[in-house]
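Reading through the structure tokens given below for one structure.
The values are calculated or read from the model by the stated rules, or taken from the named source; none is laboratory data. Small disclaimer: the values here were computed from a predicted structure and weren't measured. FYI the Cβ positions are ideal-geometry reconstructions off the backbone, even for glycines, and counts take in every protein chain you see. Only protein heavy atoms, including side chains, enter the accessible area calculation; ligands, DNA and RNA are left aside. Shrake-Rupley method; radii C 1.70, N 1.55, O 1.52, S 1.80 Å.
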Amino acid sequence: MGGHDTGWRLAGLALAFIAGTALQLHERGLLPVAYYAAAILAGTLALAAAWRWRRLFVFALLGLAAIGFGSAGWRAAERLGESLPAELEGVDLQVTGLVASLPQRGASGLRFRFEVEQAQLDGQTVAVPPLLALGWYAGFHEDATLSPPQQSLGAGQRWRFTLRLRQPHGNLNPHGFDYELYLFEQGVRATGYVRDAPSPVRLDTAAGHWVERLRQRVRNAIEAKVGDPRAAGVLAALSVGDQSAIEREDWDLFRDTGIAHLVSISGLHVTMFAWLAGVLIAAGWRLSAAAMLRLPAQLAARWGGLAAATAYAVFSGWGVPSQRTIWMLATVTLLQALGRHWPWPLVLVAAAVVVSAIDPWALLQPGFWLSFVAVGLLMASDTSRGVAHDGAGSVEAGAWRTRLVAAGARLRSELRGQAVATVGLAPLTLVFFQQVSLVGFVANLVAIPLVTLVITPLALLGSVASPLWSAGAWVVQQLSAGLAWLAAWPGAVWTVPAAPGWAQALGLFAAVLLILPLPWRLRLLALPLAVPLLLPQPPRPPPGQLELLAVDVGQGTAVLVRTHRHLLVYDAGPQYSRDSDAGQRVLLPLLRARGERRIHRLMLSHRDTDHVGGARALLRSGAVGELMSSLEDGHPLLALAPLPRRCEGGQAWTWDGVRFEVLQPPAEAYGRGRKPNTMSCVLRVQSAGGASVLLTGDVERDQEAWLVASLGAALRSDVLLVPHHGSKTSSTAAFLANVQPKLAVVQAGYRNRFGHPAPEVMARYAWAESTPVESVRCGAWHWRSWQPGQGECERDVARRYWHHVPPVQLE
């Protein structure tokens, strides 16, 4: 009984520390450092009191919660203190340092981490963050190639660059990827790019980071040996952790078949490596009597497996998921070495404490929860008590029967484990990603042994015997062919909208209930509990009303207009590089999370890439019902559209009581060779209650004058999408006097090269008494016609202390 009570107390203490850490992660802004120091001191005193008076266990709980809160806050304050000073943004800095990571190559250039040794501005030393995330771009055009200096860039080299830096700033959208948290967790407090003038200078070829240099040598050798670049990318990802080597199409295939976790260096690979190394070490250890006398084989296998897994994690890039796994394995190994036979929940919680103490922000990562829940489910569902000795292993029955029974038991165990992981993790996958692969069970049955026991060892051993890379590439090709066949099945991927918090909690509880070894009568309760998560009903505007979401896509335009039963997408955001665009990175995940299975009409205002850059991804998704645009005949996007139409002034339609009216361009404007901005489709949307929105594309002053002359006061709208992102060429005083917008929405990128929005333009909006809504400060902006007010900014709703707060006035 005493041991049972001790276990519960230890679990409570561990959870208290994790809860305190999690509480700090939800702070909107950091407190003064003295408050966190006081929390640590108070927590220590509470622990001392609880140790002195054992009945005051609640003091121990509060003490550890305070220590978790204070330690995470202290570390966060230290990291924020390394931020780039605002006055150093956007100026030319001469920076000397080391290439601290394996350079990742994309279609537009290189990306890498840079460890700063010295930084100067106009010959004077200045302080910049110690670790930078840099890009060295080759160009946006399809025929752009890497220059000789770019081709020579390698890990561990010392360079002197001319850089332009800025504080980390990412797009912030509902249910979207938090880029600023990603950089914050890695300790990167500034991003930037390399300037080609003055020319970068390589100072030392091999100055440090020998592990990174070795990784690059192996990656280069794989690319030289393997003719198929797609297979070479998978081998490079599994051996040296270069995930950028995997093609975008392959990532889509791996996600759709539920094996994406297998082709990145995850906890599974590290754990399997530790297990395999442990088996080999134990076998070799037992061959030496002297070794056995000094250290038992089982203990040698545990520590040796941990050492081997650590080496593999370091060689493969020492990514955050690998680090978390190493800390988990180290915790379990240490407990076993100390002879602590803790129950599995206590072991898991202890590992979680170690991970969260080393990396508090891991608690916000899906990989953390997927890893721990997967292990916990497998442990909780284990009903095996060993193989019954019913005579199958007797001498009379024969040794072959023993092996056959053991093999069958192991096969059943593996199948059951895979089923448990698939069913148990499905709700968590839906919570984090709003999709789950229905063919994932079959795909993982084949892919897990192939990737972990065949492809990964071949990828690693190829460093010693390069022909093994060719064998590994052949296996990758066969696996990819099989996955493509599975992905082509109807309904291979099931997507759902993001469910509310209570539905997510019920769904997770249902998964646990279904997996636990309980009577089936109790397990059947999981089905009704899971329904709200599996079939959520996303909220829709009432008939006659509309909601608008101005998506944060950086320097570009993308707006969702939703009525009761219809969705219009106005523009599709920019193309970020030759291999990345807003459609694939932002819009499709956002639409999936919102439960938008169909875009009834996609309107592309004009052909500029900051407005149509993401359209290809939307059109190829099959979700677009109709395309309306001012694109010229023969534009490549028209060939992808199911029902392409021109937008012309005078067109109008009504959806669910909401009126849509195209105001510009006039029909006669087509065929005149006008520049794209002047052909922007202008759309006015008005609810049954009179609330209205005016979407303007990149119209300029001449088009504004034409609209004023044609429509006058009929332009009046509550919300105005500021023309041309706030350019000096638009937003004339006469136009604003007729529109009289209450809210002026500016979609522009942080520190964009065009200077949008221009200060004089914003001054005109202030004079017109329009409230500005700028995406750099707001993130995505949500507005509802039936709820009068200023709308909701995602940067206000989801504010956390690591989120960038831009200055009020950009230079």
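L643 fails exactly one of the following numbered conditions: (1) of a type outside the set (S, T, Y); (2) under 26 Å from Q555 (Cβ atoms); (3) in contact with an Asp or Glu (Cβ under 9 Å, 6 or more places away or on another chain). What is the number of that condition? For L643, the exception is condition (2).
Go through the range 662-691 and give me each residue that's in a helix (DSSP H, G or I) and within 39 Å of the chain's Cα centre (by Cα). Steps first, answer last, please.
To start, the set of residues in the range 662-691 that are in a helix (DSSP H, G or I) comprises 667-669, 676-679.
Once the filter is applied, which keeps residues that are in a helix (DSSP H, G or I) and within 39 Å of the chain's Cα centre (by Cα), the range 662-691 yields P676, N677, T678, M679.
Residues that are open to solvent by 50 Å² or more (accessible area, probe 1.4 Å), closer than 25 Å to V439 by Cβ and under 26 Å from the mean Cα position of the chain (by Cα): does the range 494-501 have at least one? Looking through the range 494-501, at least one residue is open to solvent by 50 Å² or more (accessible area, probe 1.4 Å), closer than 25 Å to V439 by Cβ and under 26 Å from the mean Cα position of the chain (by Cα).
Yes or no: the range 197-211 includes at least one residue that is in contact (Cβ under 8 Å) with a residue 12 or more places away in the chain and assigned to a helix (DSSP H, G or I). The answer is yes; a qualifying residue exists.
Residues in the range 336-354 that are in a helix (DSSP H, G or I), without any contact (Cβ under 8 Å) to a residue 60 or more places away in the chain and open to solvent by 20 Å² or more (accessible area, probe 1.4 Å): Q336, A337, W344, V347, L348, V354.
Please enumerate the residues belonging to the range 692-718 that are hydrophobic (A, V, I, L, M, F, W, C), assigned to a helix (DSSP H, G or I) and surrounded by 15 or more Cβ atoms within 10 Å (Cβ to Cβ). Passing the criteria: W706, L707, V708, L711, L715. Tallying residues that are over 13 Å from V423 (Cα atoms) and outside any loop (DSSP other than H, G, I, E, B) within the range 495-522 yields 10.
Taking each residue of the range 6-25 that is in contact (Cβ under 8 Å) with a residue 40 or more places away in the chain and looking for partners that are in a helix (DSSP H, G or I) and polar (S, T, N, Q) with beta-carbon atoms closer than 7 Å, six or more apart or interchain, yields I18/S356; T21/S356. Going through the range 650-669 one residue at a time, which ones are farther than 20 Å from A709 by Cβ and either crowded, with 18+ Cβ neighbours inside 10 Å or modelled with pLDDT under 95 (or both)? Passing the criteria: W655, D656, V658, F660.
The conditions are (1) part of a helix (DSSP H, G or I); (2) without any contact (Cβ under 8 Å) to a residue 24 or more places away in the chain, and A232 fails exactly one of them. Which is it? So the condition that A232 fails would be (2). Only one entry of W136, W53 meets the criterion of being free of Cβ contacts under 8 Å to residues at least 12 places away in the same chain and of a type in the set (F, W, Y), and that entry is W53.
Return the only residue of V263, V270, V188 being in contact with a helix residue (DSSP H, G or I) (Cβ under 9 Å, 6 or more places away or on another chain) and closer than 23 Å to G304 by Cβ. Full working, then the answer.
Details: V263 fails: closer than 23 Å to G304 by Cβ; V188 fails: closer than 23 Å to G304 by Cβ.
Answer to the check: V270.
Name the single residue, out of those in the range 726-773 being in a strand (DSSP E or B) and among the β-branched types (V, I, T), that is most open to solvent (accessible area, probe 1.4 Å). Can you show your working first?
Keep residues of the range 726-773 that are in a strand (DSSP E or B), which gives 743-746, 771-773.
The next check asks that each one be among the β-branched types (V, I, T); those that pass are 745-746, 771, 773.
On the way: V745: 7, V746: 2, T771: 56, V773: 13 Å².
Here the answer is T771.
Where in the range 563-649 are the helices (runs of 4 or more DSSP H), entirely inside, with at least 3 residues that are crowded, with 24+ Cβ neighbours inside 10 Å? Those helices (runs of 4 or more DSSP H) span 609-612. Restricting the first member to the range 609-624 and to residues that are under 16 Å from L643 (Cβ atoms), and the second to residues that are of a type in the set (F, W, Y), no beta-carbon pair is closer than 8 Å while six or more apart or on different chains.
Take the range 102-114 and flag every residue that is more than 13 Å from V128 (Cβ to Cβ) and either of a type in the set (A, V, I, L, M, F, W, C) or open to solvent by 20 Å² or more (accessible area, probe 1.4 Å) (or both).
The initial filter retains those residues of the range 102-114 that are more than 13 Å from V128 (Cβ to Cβ), namely 102-113.
L102, Q104, R105, G106, A107, L110, R111, F112, R113, listed by residue number.
Given the options V270, V279, name the one that is part of a helix (DSSP H, G or I), of a type in the set (V, I, T) and surrounded by 22 or more Cβ atoms within 10 Å (Cβ to Cβ). Give the derivation first.
Numbers: V279 fails: surrounded by 22 or more Cβ atoms within 10 Å (Cβ to Cβ).
One residue alone meets the criteria, V270.
Every test in (1) closer than 30 Å to A14 by Cβ; (2) open to solvent by less than 20 Å² (accessible area, probe 1.4 Å); (3) modelled with pLDDT of 85 or more is passed by S381 save one, and that test is (3). I'd like the residue in the range 58-93 that is over 14 Å from H804 (Cα atoms) and acidic (D, E) and, out of all such residues, is least open to solvent (accessible area, probe 1.4 Å). Once the filter is applied, the top-ranked residue is D92.
Which residues, taken from the range 169-186, are part of a loop (DSSP other than H, G, I, E, B), open to solvent by 10 Å² or more (accessible area, probe 1.4 Å) and at negative phi?
The initial filter retains those residues of the range 169-186 that are part of a loop (DSSP other than H, G, I, E, B), namely 169-178.
Checking which are open to solvent by 10 Å² or more (accessible area, probe 1.4 Å) leaves us with 169, 171-178.
H169, N171, L172, N173, P174, G176, F177, D178 - these are the residues of the range 169-186 that are part of a loop (DSSP other than H, G, I, E, B), open to solvent by 10 Å² or more (accessible area, probe 1.4 Å) and at negative phi.
Could you check, for the range 105-126, whether at least one of its residues is assigned to a loop (DSSP other than H, G, I, E, B), among the β-branched types (V, I, T) and out of contact with any Phe, Trp or Tyr (no Cβ under 9 Å at 6 or more places or on another chain)?
From the range 105-126, those assigned to a loop (DSSP other than H, G, I, E, B) are 107-108, 122-123, 126; that's our starting set.
Then drop every residue that is not among the β-branched types (V, I, T), which leaves 126.
The next check asks that each one be out of contact with any Phe, Trp or Tyr (no Cβ under 9 Å at 6 or more places or on another chain); those that pass are 126.
Among the residues of the range 105-126, at least one is assigned to a loop (DSSP other than H, G, I, E, B), among the β-branched types (V, I, T) and out of contact with any Phe, Trp or Tyr (no Cβ under 9 Å at 6 or more places or on another chain), which makes the answer yes.
I'd like to check something: does the range 285-302 contain any residue that is crowded, with 16+ Cβ neighbours inside 10 Å and under 25 Å from L238 (Cα atoms)? Yes, there is a match, as at least one residue in the range 285-302 is crowded, with 16+ Cβ neighbours inside 10 Å and under 25 Å from L238 (Cα atoms).
In the range 310-325, which residues are at pLDDT below 85 and open to solvent by less than 40 Å² (accessible area, probe 1.4 Å)? Walk me through it before giving the result.
Kept after step one, since they are at pLDDT below 85, are these residues of the range 310-325: 316-325.
Selection gives S316, G317, G319, V320, S322, R324, T325.
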